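Comments concern the structure below.
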Amino acid sequence: MPGELDVSGGGVAVDQAVDEAPEAVVGPTGRPVPEFPDPRPLTSHGHARVISMCNQKGGVGKTTTTINLGASLAEFGRRVLLVDFDPQGSLSVGLGLNPHDMELTVYNLLMDREVSLDEVVVPTGVTGMDLLPSNIDLSAAEVQLVHEVAREQTLQRVLGPAIEKYDVVLIDCQPSLGLLTVNALTASDGVIVPLECEYFALRGVALLKTTIDKVRERLNPRLEIDGVLGTMYDGRTLHSREVMERLVQAWGEKVFHTVIRRTVKFSDSTVAGEPITSYASTSTGADAYRQLAKEVALRWLDA
């Protein structure tokens, strides 16, 4: 009958509409992943936002994130300064520098008022991204700074000239909560916490948050946590998925939608002395850090 045909046709149309309706993609954090726009173009540079990559646990991806987030932001037209604030000098080595060939490092900038920022900063292989290098000499600064007046503000003082030259300053902190890390937090507007998706990595985060709260209360009231970044994620393992779930339960919207998955390309790019965004530009790792750059830029607009 004609009526039956009409009803049948309508049902097919509705089914097609349902099938064609776009569904939100749920990411590793268990939340729908929004579309992140490219950071808006800049007509001028300066008024840098200073960010510390901080976690007292080693091997969680602080240095990798500093290099590749910096390179991704530079791709989007930002002027970026990376600060190697770890005596191990991993950031400098990861960008192809030999720690034994450095005449001036961030240590000289901290301890010698005659040394200027421009004398120490070196270009990287990435357009728009510079480096303030470090080596084992920096380990002496923690002892020597103890006797200085306003010792917690030393890094903030020497980075002053960089604020008007760059758009972003990323500080790669050492894996401890000592005086160097307190200096980095005092100089910063925000903190990004890279966190390996592994159970033991979760245990120390409460102590880090306590340190950040103390610095905010006593030394730097503008300091805030920009986000928590899950790294070394392997979605094939139940352990990684459970850790990510607990991370979101504890930190909520502070957890970035972007998650950095395990890939051998990160190790290869470190050996090559360049960011993954140039070493393996089309890899999933490079795409993840470009997405992270979009996500942090969007959060900074609201800061």
The chain: angle of helix 62-75 to the longest principal axis, Cα-based, in degrees nearest 10: 70
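Run the dipole for the chain about the Cα centre, Lys and Arg Cβ at +1, Asp and Glu Cβ at -1, nothing else charged, and hand back the magnitude in debye, nearest 20.
Working: 27 positive and 41 negative charges, 153 e Å.
Around 740 debye, computed over the chain.
Contour minus end-to-end for Lys165 and Leu298, with contour as 0.36 nm per residue of separation and end-to-end as the Cα-Cα distance? Mind showing how you got there, number by number?
Working: separation 133, 0.36 × 133 = 47.88 nm, distance 2.13 nm.
Extra length available between Lys165 and Leu298 comes to 45.8 nm.
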Modelled label-to-label distance, Arg236 and Phe200, 7 Å Cα→beta-carbon offset: nm? 2.3
Given a Förster distance of 25 angstrom, what is the FRET efficiency for Ala272 paired with Asp101, based on the Cβ-Cβ distance and rounded to 0.05? 0.85
Accessible area (Å², 1.4 Å probe, nearest 10) - Asp112: 60
Label point distance in nm, Ala250-His45, each placed 7 Å from Cα along Cα→Cβ: 3.8
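Might you report the magnitude of the Cβ-based charge dipole of region 118-252 about its Cα centre, with Lys and Arg at +1 and Asp and Glu at -1, to the nearest 20 debye? The partial results should precede the final answer.
Details: 12 positive and 20 negative charges, 97 e Å.
Taking the Cα centre of region 118-252 as origin, the dipole is about 460 debye.
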Given springs between every Cα pair under 10 Å in a Gaussian network model of the chain, which of Met53, Met232, Met102 has the largest fluctuation? Met102
Leaving ligands, DNA and RNA out of it, rank Tyr107, Tyr233 by accessible area with a 1.4 Å probe, largest first. Tyr107, Tyr233
What FRET efficiency would be calculated for the residue pair Lys265, Val149, taking the C-beta separation as r and a Förster radius of 41 Å, to the nearest 0.05? 0.35
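Quick one: with all protein chains in place, what share of the accessible area of the chain is carbon or sulfur, to the nearest percent (1.4 Å probe)?
Numbers: 7760 of 14710 Å².
Ligands and nucleic acids excluded, carbon and sulfur give 53 percent.
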Treating the angle as unsigned and between 0 and 90°, give the value, to the nearest 10°, between the Cα long axis of helix 238-251 and the longest Cα principal axis of the chain. 70
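When a/c reaches 1.5 or more, the comparison of a/b and b/c decides; with that in mind, is region 144-290 rounded, prolate or oblate per its Cα gyration tensor? Kindly include the intermediate steps, with their values, before the conclusion.
Numbers: a/c = 2.19, a/b = 1.40, b/c = 1.56.
In terms of gyration-tensor shape, oblate.
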Taking the full set of protein chains and a 1.4 angstrom probe, give the accessible area of His239 in square angstrom, rounded to the nearest 10. 80
Order Lys62, Lys57 by their accessible area, 1.4 angstrom probe, all chains in place, largest first. Lys57, Lys62
Connecting every pair of Cα atoms under 10 Å apart in the chain and solving the GNM, the largest mean-square fluctuation among Arg151, Arg203, Arg261 falls on Arg203
Phi to ³J(HN,Hα) by Karplus 6.51 cos²θ - 1.76 cosθ + 1.60 over region 277-293, Hz, x for Gly, Pro: 5, 10, 5, 9, 4, 9, 6, 5, x, 5, 4, 5, 6, 5, 5, 4, 4
Keeping every protein chain in place, order Glu142, Glu114, Glu164 by accessible area at 1.4 Å, biggest value first, i.e. largest first. Glu114, Glu164, Glu142
Do the sum for the chain: with -39,500 (n - 2.57) for every DSSP H run of n ≥ 4, divided by all residues, what is the mean residue ellipticity at 222 nm, to the nearest 500 deg cm²/dmol? -12500 deg cm²/dmol
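Considering only the chain, what is the antiparallel percent among its DSSP beta bridges, to the nearest 5? Each step should come with its number before you reach the end.
On the way: 3 of 31 bridges.
Taking every DSSP beta bridge within the chain, about 10 percent pair in antiparallel fashion.
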Number of Lys pairs in region 203-295 closer than 27 Å at Cα, excluding neighbours under 8 places apart unless interchain, is 5
Take the chain, connect every pair of alpha-carbon atoms lying under 10 Å apart with a spring to form a Gaussian network, then pick out the residue of Leu180, Leu238, Leu104 with the largest mean-square fluctuation. Leu238
To the nearest Å, what is the center-to-center distance of region 225-256 and region 46-86, using C-alpha atoms only? 20
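The values are calculated or read from the model by the stated rules, or taken from the named source; none is laboratory data. Owing to the predicted nature of the structure, the values given are computational and were not obtained by experimental measurement. With ideal geometry, Cβ positions are generated from the backbone for all residues, glycine too; neighbour counts draw on all protein chains shown. Only protein heavy atoms, including side chains, enter the accessible area calculation; ligands, DNA and RNA are left aside. Shrake-Rupley method; radii C 1.70, N 1.55, O 1.52, S 1.80 Å.
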